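J.: Starting off with a structure, shown below.
The values are calculated or read from the model by the stated rules, or taken from the named source; none is laboratory data. Bear in mind the structure is a predicted one, so any value in this text is a computation, not a measurement. We place every Cβ from the backbone using ideal geometry, glycine too, and count neighbours over all the protein chains shown.
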Amino acid sequence: MNETENFRDHISTVNEKGKRVWLYPKKQTGKFYRARTILSIFLLAFLFGTPFIKMNGHPFILLNVLERKFILFGFVFGPQDFYLLVLATISILVFIVLFTAVYGRLFCGWICPQTVFMEMVFRKIEYWLEGDSAQQRALDNAPLNGKKIFKKSIKHLIFFVIAFIIGNTFVAYITGIDKLFEIINQSPSEHLSAFVAVLVFSGLFYFVFSKFREQACVIVCPYGRLQGVLLDSNTVVVAYDYVRGEPRGKLQTPKTTGDCIDCHLCVAVCPTGIDIRNGTQLECVNCTACIDACDSIMDKVKLPKGLIRYASMNSIKDKSKFKFTPRIIGYSIVLTLLLAIFIILASLRSEIDATILRAPGKVFQEQAENKISNLYTIKLVNNTYKNVPIQININNPDTEIKIIGKNIFLPELSVTESEFLILIPKDKIKTTLIPLTIRVFADGKFLSEIKTSFLGPGK
Ligand code: SF4
Ligand code: SF4
């Protein structure tokens, strides 16, 4: 291990003058890279294909933050389900903390869209057009000529087209695919805000993948910043086995050094430009490129693979096995409780919901024909795609209901409020507080029975 650890004082992509050091990671090969490529095909197919999937004519997933309409795997969530959203967010955060405490940045290397797009889409195009690390460096250092202009123009054109497709996909998740096609087929002036959103997203993605790259993980990503507090010496991360590898040195006979032959291939393939042999570092996105690189070298020099591998610091230091720490057990209990509460609340949630309250602060009113009235508010929530007419009646034959305004009607995916009066002839009122049960029907079908009361003048 590096004794002085001065590599932690700066990031490898910024030089002493504060200028960006452009990285040219070497092309990767190996079993982890192949597995990540296969997984990324599924992930990309899911990302680009999902907006086209519909259930009962509606999006399978919709994240319409502007109108606060959300559909997750066919289940509709509206603004009234905010408590579920909060609970789900807390559960996800606890899950991330727990998962990271045990498995480190597994998500970053295998699933994070930034890594998947950068390494599996944009970087592959770059290798295809400009060649491996050395050729890319040579092309960048070469004077401007026809060949360089052609290669760079083609590359950036392809990058922008892909960024544009990602931008449109993003908008499709917000508006739905039908709306997106409507926007595309009509003049930009008719959908100015959506048009601007597509351009902003596309420009942002183009900038991130063509210029900003690993800086997103190293400088911007909040998850990356949290690693220092989430990881401990029992966390499984991509790690260099310094016990086996040190002292490093060139291959020689007889062998007087550790297994690391100091070939620097693990550094050359690293997309964040670090040397994993210095130990776990904030910049490491656990992409496994150095594992593949080192395994290929170990194969060549006929030493066992796994000098760099998934391992915890403790398992490397004293060959100990993975163990459940009190922290992991505590997180697991909290996560299980949160998930149980979330499942119970989600299953108790009805598709159409009604609440009735006597208007606060109002006493009874004298009406014509010697009747007394009370004002009530009915609040309705519709989590379905149907427009639903609502009817109400009361169990008491002396009562009459008068809807204020039009009949109560509940449009699809909405929250509405209506008011109505309950009238009772004065001579039928024997007490100041009469208990009532109001029955609510949605499109003729019984929905619920709500208990309330009627305030009268008394005898
Ligand atoms: S690839 Fe393996 S052998 Fe080569 S420098 Fe890195 S750790 Fe050492
Ligand atoms: S150190 Fe290894 S796992 Fe970490 S980012 Fe670099 S290549 Fe990927």
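J.: When you check V267 against the structure, is it near ligand 1 (Cβ under 9 Å from one of its atoms) and within 32 Å of the chain's Cα centre (by Cα), yes or no?
T.: So V267 fits the description; yes.
J.: Quick one: would you say D232 is within 16 Å of ligand 1 (Cβ to nearest atom) and of a type in the set (D, E, K, R)?
T.: No: the conditions fail for D232.
J.: Which residue out of D259, D241 is within 15 Å of ligand 1 (Cβ to nearest atom) and more than 30 Å from L98 (Cβ to Cβ)?
T.: Matching residue, one of D259, D241: D259.
J.: Also, I was wondering about something else. Answer with yes or no whether R309 is closer than 17 Å to S233 by Cβ and surrounded by 15 or more Cβ atoms within 10 Å (Cβ to Cβ).
T.: So R309 passes the test.
J.: Just checking, which of C266, C260 is within 15 Å of ligand 2 (Cβ to nearest atom) and under 22 Å from G109 (Cα atoms)?
T.: C266
J.: Can you pull out the residues in segment 80-105 that are among the aliphatic types (A, V, I, L, M) and under 18 Å from the mean Cα position of the chain (by Cα)?
T.: L84, L85, V86, L87, A88, I90, I92, L93, V94, I96, V97, L98
J.: While we're looking at this one, here's another question. State which residue pairs qualify: first residue farther than 20 Å from G224 by Cβ and in contact (Cβ under 8 Å) with a residue 24 or more places away in the chain and inside segment 261-288, second residue more than 14 Å from ligand 1 (Cβ to nearest atom) and of a type outside the set (A, V, I, L, M) in any location, beta carbons under 9 Å apart, and separation of 6 or more residues or different chains.
T.: Correct list of pairs: A268/Y24; A268/S133.
J.: In addition: Among the listed residues F150, F107, which satisfies the condition of being within 14 Å of V285 (Cα to Cα) and surrounded by fewer than 17 Cβ atoms within 10 Å (Cβ to Cβ)?
T.: Only one candidate passes the filter, namely F107.
Yes/no matrix, rows are residues, columns are (1) under 29 Å from Q114 (Cα atoms); (2) at pLDDT 85 or above; (3) more than 10 Å from ligand 2 (Cβ to nearest atom):
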position: K255; (1), (2), (3): no, no, yes
position: Q281; (1), (2), (3): yes, yes, no
position: V285; (1), (2), (3): yes, yes, no
position: D299; (1), (2), (3): no, yes, yes
position: L307; (1), (2), (3): yes, yes, yes
position: K317; (1), (2), (3): no, yes, yes
position: L339; (1), (2), (3): yes, no, yes
position: D353; (1), (2), (3): no, yes, yes
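J.: Sticking with this one: Checking the conditions here, which among R225, R213 is within 30 Å of I154 (Cβ to Cβ) and under 23 Å from the mean Cα position of the chain (by Cα)?
T.: Exactly one residue qualifies, and that residue is R213.
J.: Further question: Among the candidates I154, I162, I174, I166, single out the residue that is touching a residue at least 24 places away in the same chain (Cβ under 8 Å), more than 30 Å from M55 (Cβ to Cβ) and assigned to a helix (DSSP H, G or I).
T.: I154
J.: Across segment 238-256, what is the total count of residues that are among the β-branched types (V, I, T) and assigned to a loop (DSSP other than H, G, I, E, B)?
T.: The qualifying residues number 2.
J.: Name every residue in segment 270-294 that is within 11 Å of ligand 1 (Cβ to nearest atom) and surrounded by 20 or more Cβ atoms within 10 Å (Cβ to Cβ), in order of residue number.
T.: If the condition is that a residue be within 11 Å of ligand 1 (Cβ to nearest atom) and surrounded by 20 or more Cβ atoms within 10 Å (Cβ to Cβ), then C270, I276, R277, A289, C290, I291, D292, A293, C294 are the ones that fit.
J.: I've got another one for you. Can you find even one residue in segment 226-240 that is within 16 Å of ligand 2 (Cβ to nearest atom) and farther than 21 Å from T288 by Cβ?
T.: yes
J.: Please name all residue pairs, on different chains or six or more residues apart, with Cβ atoms under 8 Å, provided the first residue is in segment 101-120 and is more than 16 Å from F32 (Cβ to Cβ) and the second residue is among the small types (G, A, S).
T.: Q114/A216
J.: Taking the residues in segment 23-66 that are assigned to a loop (DSSP other than H, G, I, E, B) and within 16 Å of ligand 2 (Cβ to nearest atom) as candidates, determine which candidate is surrounded by the most Cβ atoms within 10 Å (Cβ to Cβ).
T.: Q28
J.: Exactly one condition in (1) more than 28 Å from P79 (Cβ to Cβ); (2) modelled with pLDDT of 90 or more is not met by D398; state its number.
T.: The one condition D398 does not meet is (2).
J.: Contact list please: Cβ distance under 8 Å, first residue in segment 26-49 and on the phi < 0 side of the Ramachandran plot, second residue among the aromatic types (F, W, Y) and buried (at least 16 other Cβ atoms within 10 Å of the Cβ), pairs at least six apart or on different chains.
T.: K27/Y127; R36/W110; L39/W110
J.: Tell me which residues, restricted to segment 322-347, are under 25 Å from the mean Cα position of the chain (by Cα), closer than 30 Å to V236 by Cβ and touching a residue at least 40 places away in the same chain (Cβ under 8 Å).
T.: R327, I328, Y331, S332, V334, L335, L338, L339, I341, F342
J.: If you don't mind, another one. Tell me which strands (runs of 3 or more DSSP E) are completely within segment 348-459 and hold 2 or more residues being under 43 Å from the mean Cα position of the chain (by Cα), or say none if there are none.
T.: Where strands (runs of 3 or more DSSP E) fall fully within segment 348-459 and carry at least 2 residues being under 43 Å from the mean Cα position of the chain (by Cα), they are 352-358, 371-382, 388-394, 414-425, 433-442, 445-455.
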